[in-house]
Amino acid sequence: MSTVPTSGHAFWQHGGVAYLEQAFLLEDDVVQAVMQHLESDGWSIESFALAHQHGDDIVATRAGQRLIVEAKGAGSSKSGTKRFGQPFTRNQVGSHVSVAIHRSLKVWSSGVATAAMAFPDNAHHRALVAPVQPALTQLGILVFWVGPGGSVSTSSGGSET
């Protein structure tokens, strides 16, 4: 059996048959999974932006509530970059988590929506969010965790989705 990673996926062969398996979640995977989760919970997706687009990653509404989600992936989806198709380093994950926290605090401070972040459910992201989870909970900032199969769980300080 051999494995070759390429743009967030791993190809492997077994018994002469080639398989494609997701090696890590890209930002677009996280956005798509969270949108499906929100829609199944009665939210309407007002707008979304994929990794190469500008704007809020997800804006959703439900019963007069507005939710703005900042999403991050676990690896680079930008072709032509040095790390294309590779998972982010711990330092890169730290930078991305910091950006997501900053964006969520700006949304929370504006008072225009409930703030949320969405991350791949992996050890690096969990370890970096854990120390600030009590503050996020106190502020009511949601954290969506996306598993490898697209399953979504939530950490929250206010309303569950």
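Pick out the one residue from 50, 105 that is farther than 16 Å from residue 24 by Cα, aliphatic (A, V, I, L, M) and part of a loop (DSSP other than H, G, I, E, B).
On the way: 105 fails: part of a loop (DSSP other than H, G, I, E, B).
Sole residue among the options that is farther than 16 Å from residue 24 by Cα, aliphatic (A, V, I, L, M) and part of a loop (DSSP other than H, G, I, E, B): 50.
For residues in region 97-121 being crowded, with 18+ Cβ neighbours inside 10 Å and touching a residue at least 40 places away in the same chain (Cβ under 8 Å), which is farthest from residue 61 (Cα to Cα)?
In this case the residue turns out to be 120.
Can you say whether residue 147 is loosely packed, with under 14 Cβ neighbours inside 10 Å, at pLDDT 90 or above and farther than 24 Å from residue 26 by Cβ, as far as the supplied structure shows? It would help to see each step written out before you state the result.
Details: loosely packed, with under 14 Cβ neighbours inside 10 Å: yes; at pLDDT 90 or above: yes; farther than 24 Å from residue 26 by Cβ: no.
Criteria not met by residue 147.
Do the conditions hold for residue 77, that is, is it at pLDDT below 75, in contact with a Phe, Trp or Tyr (Cβ under 9 Å, 6 or more places away or on another chain) and within 20 Å of residue 146 (Cα to Cα)? Give the derivation first.
Details: at pLDDT below 75: yes; in contact with a Phe, Trp or Tyr (Cβ under 9 Å, 6 or more places away or on another chain): yes; within 20 Å of residue 146 (Cα to Cα): yes.
In short, yes.
Go through the residues of region 63-84 one by one and say whether even a single one is closer than 21 Å to residue 153 by Cα, among the aromatic types (Phe, Trp, Tyr) and assigned to a strand (DSSP E or B).
No - not one qualifying residue is present in region 63-84.
Just wondering, is there one or more residues in region 39-56 that are among the aromatic types (Phe, Trp, Tyr), closer than 29 Å to residue 108 by Cβ and modelled with pLDDT of 90 or more?
Residues of region 39-56 that are among the aromatic types (Phe, Trp, Tyr), as a first pass: 43, 48.
This time we only want the ones that are closer than 29 Å to residue 108 by Cβ, so: 43, 48.
Okay, now just the ones that are also modelled with pLDDT of 90 or more, so 43, 48.
Checked region 39-56: at least one residue is among the aromatic types (Phe, Trp, Tyr), closer than 29 Å to residue 108 by Cβ and modelled with pLDDT of 90 or more.
The values are calculated or read from the model by the stated rules, or taken from the named source; none is laboratory data. The structure displayed is predicted, hence computed values, not measured ones. Every residue, glycine among them, receives a Cβ derived from its backbone with ideal geometry; neighbour counts consider all protein chains shown.
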